[in-house]
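The values are calculated or read from the model by the stated rules, or taken from the named source; none is laboratory data. Owing to the predicted nature of the structure, the values given are computational and were not obtained by experimental measurement. Ligands, DNA and RNA are excluded from the accessible area calculation, which covers all protein heavy atoms including side chains. Shrake-Rupley method; radii C 1.70, N 1.55, O 1.52, S 1.80 Å.
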Amino acid sequence: METQGTRRLSREQLLKLAAAAGAGGFVGGRLGRAQAALDWLGAESGRLKVLDWAGYGNDGGQTMFAQYLKAHPGNKPQFTYMTNESDALAKLHAGVKADLFRPYVGWVKYFAESGLVQPWDPKLLKNFKLLNPFMVKAGQYKGKQYGVPADWGFDAILYRSDKVTPKAKSWSLLFDDRYKGRIAWFDDLNMLTIAGLYLGFDKPWRQSDSQLRKSQKLLMSKKKNVRLIWSSETNLWEAFGSGDLWIAYAWPNDWVQMKKKKLKVVYMRPREKPVAWVGMFMLLKGSPRRHLAHAYVDAWSSTRSAKWLEDNYGYGHANTHARPASSDLLKALQLTNPKAVTEPAAHLDRDIPRRSTYARMWEEVKAS
């Protein structure tokens, strides 16, 4: 019995498929592209499955993939949400089926070595040439493009300028005893990295056992000052917007949202430097919708999507042609600086070789 998956086409039909795909050149190359088109027609059925952060799916982020929906109106993506990379990893191991997901740059090596993902084909991304070359390189592992850069921003400190008087522009504000009960930390093992930066360790992502104990001791001793350890930005916005919080480990969008509430807020760049991150779309190994996944990421990479992200969420975008309407945001993110996410401007997040140790010690902090 002939099925869609086993159907055989004639040489003439394959050549027609090649022409439809825009192929040119020698017959052999055209036949190869035609076979790829056939694979797409025969195998890429079912809705695209995306594992992503809240706010980027059908809950407000539709503009980011509008180009995809225009090209594939019958394939509206299905979303599962992640709260951080560890949560995404747990979901994948638990059997969540996804075609692509969006961890951050510090996890590129980990996932590339995990066997869970496969490289992208930049030739299938027409907007790839618009992306920041430094960020593109940061998404590579052993010469292959495992991560396609998307959004970027900083981990820094948000505070109420009408309530808080920092002693210095420093990560120390997250540990300030004067503001007990008014501080929020982010629920992530990178809090140990932040502690390491504050303590002056030269390699906070590669701390020794002794250094990790000191970082953990600092966090445990200052946890008494913390009102909220947030994993959902919605929870942070509610607590900060209500006046319960005055200081928070935060992202640029949190600054944007609090400004919308007419609060007097400052997004501080600590003297130890903020931690910069770059969202990296990664393609899950074995995805039956590889071409659709490329189309989705290409939509995200467009200048229109990039500008919308900057104007509405306050994050930078790897697309170097996009510019936000806000001059304040342009200045805050240093969007005209192609290396704003690395030294000397910031510390680019990176691989943590002893990630499991950091994770265990962070859980001990929360349980203390």
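As a fraction of the 1.4 Å probe accessible area of the chain, surface on carbon and sulfur atoms comes out at 52 percent.
Reachable aspartates and glutamates from Lys142, Cα under 18 Å, same-chain residues fewer than 8 places away excluded? By straight Cα distance, Lys142 reaches Glu113, Asp121, Asp351. Cross-link partners for Lys214 among the aspartates and glutamates, with Cα-Cα distance under 13 Å and sequence neighbours closer than 8 places in the same chain left out, do not exist in this structure. Secondary-structure-derived ellipticity at 222 nm for the chain, considering helices only, amounts to -11000 deg cm²/dmol, per-run term -39500 (n - 2.57) for DSSP H runs with n ≥ 4. Could you sort out which of Lys109/Lys285; Lys163/Lys217; Lys169/Lys217; Lys163/Lys261; Lys97/Lys137; Lys109/Lys307 sit more than 18 Å apart by Cα distance in this structure? Too far apart for the 18 Å limit: Lys163/Lys217; Lys169/Lys217; Lys97/Lys137; Lys109/Lys307. Taken over region 43-122, the alpha-carbon convex hull comes to 123 cubic angstrom per residue. Restricting attention to the chain, close to 60% of DSSP beta bridges with both partner residues there are antiparallel. Taking all C-alpha pairs of the chain, those more than 31 Å from each other amount to 39 percent.
Using a probe radius of 1.4 Å on heavy atoms only, what accessible surface per residue do you get for the chain? Whole Å² is fine.
46
Candidate cross-link partners of Lys126 among the aspartates and glutamates, defined by an alpha-carbon separation under 17 Å and a same-chain spacing of 8 or more, comprise Asp298.
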